[in-house]
Amino acid sequence: GGGARHGGGGGVGACGSGGDGCAVDGSNVNVMDPGPPFRRSIPDQGLTVLRKRLATHWTQLSDDAPVLILMSGIAGGSHDKYLKHFLRRASREGYRVVAFNCRGTANSPLTTPQFYSASFTGDVRAVVEEMRGRWPDAKIFAAGWSLGANILTNYLGEEGDECPLSGAVTMCNPFDLNACDVALRDGLFGTVYSRAMAKNMRALFAPHAHLFAGLPLYDSKLVERAKTVRDFDEAVTRVTFGFPSVDAYYAASSSRNVISDVKTPLLVVQARDDPIAVSSATPRDAIAASEHVLLVETESGGHLGWTAGEEAPFGSPWPDLGAIQFLNALRDGAHLEGG
């Protein structure tokens with residue numbers, strides 16, 4: 001049965017299966033030259049790369065300065081503009097910012113046949129533990145966009161009361177991946193977006209394709225012919241994570257399944273006109289019943305397309321400011337109230 005969420009134990013896709021881990025960019029906006037990578041083995045005998053742009057800002061931070069982990073959308077990484085905008089604002093607020101790159105993205109190497117998926121949280125867990133080990137006196141926060149928002153929410157739900165994060169923010173979480181799949185296939189924007197993302201995913205996958213050749217059910221021709229996100233998930237994701245079908249993968253990986261299990265303060269920001277993370281998928285009733293999750297919805301904004309704000313359109317849009325204020329309040333000891 002498909003795709004262990006926590007990992008740990010045999011089978012392709014489990015954390016103990018020999019996956020190569022993730023890549024993390026610890027970045028400071030004022031420093032453009034990356035320092036030497038920091039590499040270490042993680043529990044799946046793989047490789048984590050911490051590319052750290054360490055210089056003036058980070059060396060001036062105290063050991064208890066809050067850590068903020070950023071998780072981008074599908075096929076994205078530390079190069080994405082929306083992530084960089086958030087990084088700049090958070091850095092000015094005194095956060096030690098770390099950009100999480102999923103396996104195979106942002107030039108991070110694969111050494112075993114495992115790409116990333118919407119439900120696999122083992123790498124997030126490894127990065128959080130790495131941050132706890134390096135800065136044990138610091139509060140740790142996280143923010144995720146699009147697919148990164150879904151993965152982050154799955155992690156929060158799985159950890160429940162034991163989650164080591166002090167707070168989190170998600171933006172444009174698809175929540176229901178089957179509903180997202182329908183949107184990607186039906187609308188003009190969705191179709192164009194899906195084809196563009198599939199092209200990006202094929203390009204990310206191509207340098208590592210040889211690693212997957214021996215997997216049962218893997219067919220390289222299906223990857224080469226993948227024209228949409230669904231095609232790629234059929235050819236790669238559901239095969240490597242052991243799901244019987246793409247629909248089963250989407251159903252099991254949808255973070256609306258675990259939103260009621262989230263016990264960490266979480267700000268959810270959605271746009272009602274989002275053509276990808278469709279409004280109908282937002283689990284409003286479950287969020288309203290939660291004492292830990294706060295939902296903010298805008299009438300417009302599309303999919304990560306907010307443009308208003310004092311720094312927009314060439315800097316952070318206004319939701320970034322609200323998100324940072326939310327994290328600052330938690331950093332300073334505030335608690336969510338209500339339910």
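Only the coordinates and a few stated rules stand behind these numbers; no lab work does. The model shown is predicted, which means the values in this text are computed figures rather than measured ones. Note that each Cβ is placed from the backbone with ideal geometry, even for glycine, and that neighbours are counted across all protein chains shown.
Quick look at the numbers
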{"item": "Charge sum, other residues only, whose C-beta stays under 14 Å from Val128's C-beta, Lys/Arg counted +1 and Asp/Glu -1", "result": "-1"}
{"item": "Charge-dipole axis of the range 81-184 as Lys and Arg at +1 and Asp and Glu at -1 on Cβ define it, positive-most pick from Ala168, Asn154, Asn178", "result": "Ala168"}
{"item": "Residue order, fewest to most beta carbons within 10 Å, for Lys263, Lys81", "result": "Lys81, Lys263"}
{"item": "Dipole magnitude of the range 250-305 about its Cα centre (Cβ charges: Lys, Arg +1; Asp, Glu -1), debye to nearest 20", "result": "140"}
{"item": "Given charges at beta-carbon only (K, R positive; D, E negative), |dipole| of the range 152-216 in Debye", "result": "640"}
{"item": "5 angstrom amide H check on Gly167, placed H, neighbours 5+ away", "result": "Ala142"}
{"item": "Partners for Lys221 among lysines (Cα-Cα distance below 20 Å; same-chain residues under 8 apart left out)", "result": "Lys199"}
{"item": "Cα centre as origin, Lys/Arg/Asp/Glu Cβ charges: the range 218-290 dipole, Debye", "result": "80"}
{"item": "Ranking of His208, His303 by count of other Cβ atoms within 10 Å, fewest first", "result": "His208, His303"}
{"item": "From phi via Karplus (6.51, -1.76, 1.60), per-residue ³J(HN,Hα) for the range 174-180 in Hz, x at Gly/Pro", "result": "x, 6, 10, 6, 5, 5, 5"}
